[in-house]
Amino acid sequence: METKLNIISEFLKCLSITIISMLLLNFTVVIFAIIFNNLGDNAIILSTDLAMIVSLIVFPLVIHAKFLGDLRFYHITWKKIVDFNVIIIFFILLCKFFPTIYVLHFLAVSISEETFSREIQFKYLYERIGKINAIIITSIIFAFILHLNEKFIENLIIRLPLGLALCIIRNKLGLLKSILGHWFYNLIIIFVV
């Protein structure tokens, strides 16, 4: 049975990793922007995408594996190979309707945020404090910390329910479905709304 103290302790661990990851994200965006300076307008987008992968996937995986225990999910399987191919097919199809650089950017955002929130942190919390607490905590961190630069009320009304929905999708249907849902949501918000 998870105690309130245990839930708070695990929340603070994930919050700490999130804050450090976001600081790293800002730092690595600047570094990559300097490295890719000669790419023109696309340099910022490419810099952001690479920085997100480093700070929201690589860094948290290392921290979780080194200090918080083995996550046991980073193994290549046939299902993951098929899932990767599904993403490639959707990418090709979406490039027919939207500019390629934005399709790629929002794919990188979706993969990074979903892997960070719904794969690394959700699995970690699920094992320690249960499914419901893990869904709530990862959704709060997603809405209010990962999107700290957005208005509080927008995070409360839009991103918190989105985080809850994506976490439930990830729990019921798998990471690929939450990545695809996040990806389509971002594209619709940018290009349709």
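The values are calculated or read from the model by the stated rules, or taken from the named source; none is laboratory data. Just so it is clear, the model here is predicted, and its values are computed rather than measured. No Cβ is skipped: glycine too gets one built from the backbone with ideal geometry, and neighbour counts run over all protein chains shown. The protein model used for the area step is the full one, side chains on, heavy atoms only, and it has no ligands, DNA or RNA in it. Shrake-Rupley method; radii C 1.70, N 1.55, O 1.52, S 1.80 Å.
Of the residues 71, 146, which is modelled with pLDDT under 90, aliphatic (A, V, I, L, M), open to solvent by less than 30 Å² (accessible area, probe 1.4 Å) and closer than 24 Å to residue 22 by Cβ?
71
What do you reckon, is residue 82 among the hydrophobic types (A, V, I, L, M, F, W, C), touching a residue at least 60 places away in the same chain (Cβ under 8 Å) and either open to solvent by 10 Å² or more (accessible area, probe 1.4 Å) or part of a helix (DSSP H, G or I) (or both)?
no
Looking only at the stretch 45-64, filter to residues that are under 14 Å from residue 22 (Cα atoms) and of a type in the set (Ser, Thr, Tyr); which one of those is surrounded by the fewest Cβ atoms within 10 Å (Cβ to Cβ)?
The residue in question is 48.
Residues in the stretch 98-114: is at least one of a type in the set (Asp, Glu), open to solvent by less than 70 Å² (accessible area, probe 1.4 Å) and touching a residue at least 40 places away in the same chain (Cβ under 8 Å)? Give the derivation first.
Taking the stretch 98-114 first, the residues of a type in the set (Asp, Glu) are 113-114.
Adding the requirement that they be open to solvent by less than 70 Å² (accessible area, probe 1.4 Å) leaves 113-114.
After this cut, where a residue has to be touching a residue at least 40 places away in the same chain (Cβ under 8 Å) as well, the list is 113-114.
Yes, the stretch 98-114 contains at least one residue that is of a type in the set (Asp, Glu), open to solvent by less than 70 Å² (accessible area, probe 1.4 Å) and touching a residue at least 40 places away in the same chain (Cβ under 8 Å).
Condition first: in a helix (DSSP H, G or I) and touching a residue at least 24 places away in the same chain (Cβ under 8 Å). Can you find one or more residues in the stretch 140-157 that meet it? Steps first, answer last, please.
Initially, the stretch 140-157 is screened for residues in a helix (DSSP H, G or I), giving 140-144, 152-157.
Among the residues that remain, those that are also touching a residue at least 24 places away in the same chain (Cβ under 8 Å) are: 141-142.
Looking through the stretch 140-157, at least one residue is in a helix (DSSP H, G or I) and touching a residue at least 24 places away in the same chain (Cβ under 8 Å).
For residue 137, work out the one condition from (1) more than 12 Å from the chain's Cα centre (by Cα); (2) buried (at least 19 other Cβ atoms within 10 Å of the Cβ); (3) under 24 Å from residue 82 (Cβ atoms) it doesn't fulfil.
(3)
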